[in-house]
1. Measuring from centroid to centroid over Cα atoms, what is the spacing of the stretch 69-103 and the stretch 36-67 in Å?
2. What FRET efficiency would be calculated for the residue pair residue 53, residue 112, taking the C-beta separation as r and a Förster radius of 41 Å, to the nearest 0.05?
């Protein structure tokens, strides 16, 4: 029953490796993480902004709009398939770029966190003496 009482108490059981402060050597302050930049939102915002600007430029003038309608009516099936493949390839390119940006960001964050942990593990001048 004493084991159950130890589990139910709010205080952790003292470990055999506790130091004078009562904390185990492996207990460290958590490394504060900085908020990550959401690269996907930035990249997709740029893409949709560019598409919106292009659409506005095409339909802002009546003659341009009539030209776009006439052009789209004259498209062949092979041309439509080619444009569809171009769109799919562009989406794959954007997704790949976003994935690379995210991977680089996570790698950099891990590297920085590792440097902080190493710096925390190094003894200070006062501790060496």
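1. 14 Å
2. Once rounded, the FRET efficiency stands at 0.65.
Read-outs throughout are calculated quantities, based only on the coordinates presented, and are distinct from any laboratory measurement. All figures in this text were calculated on a predicted structure; none of them were measured in a lab. So basically every Cβ, Gly included, is an ideal-geometry build from the backbone, and we count neighbours across all protein chains shown.
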